[in-house]
Amino acid sequence: MLNRLETYYDSVPRSAARAEDFGPLTLFVRDGAGWPYYARPALGHSGAVDAGSVDKVRARQRELGVPEAFEWVAETTPGLRAAVEASGLVVHEHPLMVLSADADALPSPPEDVTVRMVGSADPALESAVAAPYAAFGAAPTPGAAAQVAARLDAGLTRLAAALDPSGTALAAGQHQPVGQVSEVVGVGTRPEARRRGLGLAVTAALVEDARAHGAETVFLTATDATVARLYARLGFRTIGTALIAEPAEEPA
């Protein structure tokens, strides 16, 4: 399973980013609007990674003006953490979860909310793209909705949203299919609509859609153990630890 996910991790950014080779590491640089990408272990690399390689990637990220971010799976590339920390980055741990084959408990949304898939010409597209940004206190980058629409039309992503009676998205998220594998990503709920189970309802809709479109492996990365317990209600189980490294926060 972890090898299958490594192939996926290497494949999915290539539809919207260019890959720059740094020996044991690959830096993905996004073309156009949207969340920036990161560096991760080169597919198939099984040896050590030294801090010097990490430093070279960080220098390139600073040159490009993109976040100095690295993502990988602890169990697959166990030696990278020491190199990343030696370079001065802070590593955060997140449960890596895969949907069980027999999972069938998909919760219903609140009565006053409609959860459905959103297409590229859907009136709800703009608010569905904006909702996850709002969850993190941000506004969508210019052109974000148009980019998501293009990816929807190309079959590179699928978008689900929880809509209020006016058709405005209160929560939304995506899954990104590559072959028979799809990752649930970017699920977020607007601050004023939290604690209503909307994120879980959106995730359930994405799971159902991924399965309907032939995905045999559906996975996600949970924020922490508390969130992982919520996803476990949908049938996800933890199989590893996703690591994300970034610079330490500057003192206020």
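The values are calculated or read from the model by the stated rules, or taken from the named source; none is laboratory data. Values in this document were obtained by computation on a predicted structure and should not be read as measured data. Cβ: placed from backbone, ideal geometry, glycine included. Neighbour counts: every protein chain shown.
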Can you tell me which residue in segment 7-30 is farthest from the chain's Cα centre (by Cα), limited to those that are surrounded by fewer than 18 Cβ atoms within 10 Å (Cβ to Cβ) and outside any strand (DSSP E or B)? GLY23
Does segment 20-43 contain any residue that is over 19 Å from THR157 (Cβ atoms) and without any contact (Cβ under 8 Å) to a residue 12 or more places away in the chain? no
Among the residues of segment 165-177, are any in contact (Cβ under 8 Å) with a residue 40 or more places away in the chain, closer than 30 Å to GLY47 by Cα and within 20 Å of the chain's Cα centre (by Cα)? yes
Those strands (runs of 3 or more DSSP E) completely within segment 38-99 that have 1 or more residues that are at pLDDT 95 or above and exposed (fewer than 14 other Cβ atoms within 10 Å of the Cβ) are 90-99
Tell me, please, whether a residue that is small (Gly, Ala, Ser), at pLDDT 95 or above and part of a helix (DSSP H, G or I) can be found in segment 219-226. yes
Pairing a residue in segment 50-70 that is closer than 12 Å to GLU246 by Cα with any residue that is assigned to a helix (DSSP H, G or I), where Cβ atoms lie under 7 Å and the two sit 6 or more apart in sequence or on different chains, gives VAL54/ALA83; VAL54/VAL84; PRO67/GLN61; GLU68/ARG58; GLU68/GLN61; GLU68/ARG62; PHE70/VAL84
Selection from segment 1-24 of residues that are out of contact with any Lys or Arg (no Cβ under 7 Å at 6 or more places or on another chain) and among the hydrophobic types (A, V, I, L, M, F, W, C): MET1, LEU2, LEU5, VAL12, ALA19
Kindly list, by first and then second residue, each pair from a residue in segment 125-153 that is more than 20 Å from GLY199 (Cβ to Cβ) to a residue that is among the hydroxyl-bearing types (Ser, Thr, Tyr), limited to pairs with Cβ atoms under 6 Å and residues at least 6 apart or on different chains. ALA149/SER120; ARG151/THR157; LEU152/SER120; ASP153/SER120
